[in-house]
1. Within segment 65-88, can you find the residues that are under 21 Å from the mean Cα position of the chain (by Cα), surrounded by fewer than 17 Cβ atoms within 10 Å (Cβ to Cβ) and part of a helix (DSSP H, G or I)?
2. Name the one entry in 66, 77, 50 that is more than 20 Å from residue 129 (Cα to Cα), free of Cβ contacts under 8 Å to residues at least 60 places away in the same chain and in contact with a helix residue (DSSP H, G or I) (Cβ under 6 Å, 6 or more places away or on another chain).
3. Take the conditions modelled with pLDDT under 95 and under 23 Å from residue 157 (Cβ atoms) and apply them to residue 48. Does it pass?
4. Within the group 120, 152, which residue is in a helix (DSSP H, G or I), touching a helix residue (DSSP H, G or I) at 6+ places or on another chain (Cβ under 6 Å) and more than 19 Å from residue 22 (Cβ to Cβ)?
5. Might you let me know whether segment 127-140 holds any residue that is more than 17 Å from residue 60 (Cβ to Cβ), at pLDDT 95 or above, within 21 Å of the chain's Cα centre (by Cα) and part of a helix (DSSP H, G or I)?
6. Of the residues in segment 1-47, how many are touching a residue at least 60 places away in the same chain (Cβ under 8 Å) and more than 19 Å from residue 150 (Cα to Cα)?
C-alpha cells in the first residue's frame, strides 16, 4: 500500500469515527426523548385521561431515525448478528473474497437506500405530518442520511479487508 492510499484510508477512518460519534450522540438524544415522551403519553392517557395527540407521531418518527442510525452504527461496530457456520467450513483462501463480496453488497445496498431515500424525501417534502406542523421531509431524511453513513462505514471495512488492515489501524 502506498502513501496516498494510506492517507485516503486514514481520512476515511477519521470521517467514520466522526460519523459514529454523531450517530451515538443522536441515538442517545433520541432514546432519551422517546423515553420521556413515551412516559408522558402513558401518564397523560391513563392518569390524566387526556392523551397527547402529537406524542405518538413524534415517537414514530423518532423510532424511524433511531432504527436507521442504529443500523448504521451497528455496521461500523460489526454488531449485526451473523451465522458464521458456513464460513468456518470454507478453506482459508475463500474467506477473504467472500468477505469482500459481502461488504461490496452492503455498499451497493446502502447506495440503493440513499438514492431511494433521497427520491422519497424529495417527493414527500411538500407533505405535512398529520398532527405536528412539520414537513415529512424530516422523517424521510433518515433514509438518505443513514444510507450514506452505512456506505462510509462499509467502504472502510471493505478497504480494510482489501488492504489487509486490522480494525482501527486505518
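The values are calculated or read from the model by the stated rules, or taken from the named source; none is laboratory data. What you are looking at is a predicted structure, and each value in this text was computed from that prediction instead of being measured. Backbone-built Cβ (ideal geometry, glycine too); neighbour counts: all protein chains shown.
1. The answer is 67, 74, 77.
2. Working: 66 fails: more than 20 Å from residue 129 (Cα to Cα); 77 fails: in contact with a helix residue (DSSP H, G or I) (Cβ under 6 Å, 6 or more places away or on another chain).
Sole residue among the options that is more than 20 Å from residue 129 (Cα to Cα), free of Cβ contacts under 8 Å to residues at least 60 places away in the same chain and in contact with a helix residue (DSSP H, G or I) (Cβ under 6 Å, 6 or more places away or on another chain): 50.
3. Numbers: modelled with pLDDT under 95: yes; under 23 Å from residue 157 (Cβ atoms): no.
So residue 48 does not fit the description; no.
4. Values: 152 fails: more than 19 Å from residue 22 (Cβ to Cβ).
None of the others qualify; the one that does is 120.
5. Pass one, segment 127-140, residues more than 17 Å from residue 60 (Cβ to Cβ): none.
No, the conditions are met nowhere in segment 127-140.
6. 2
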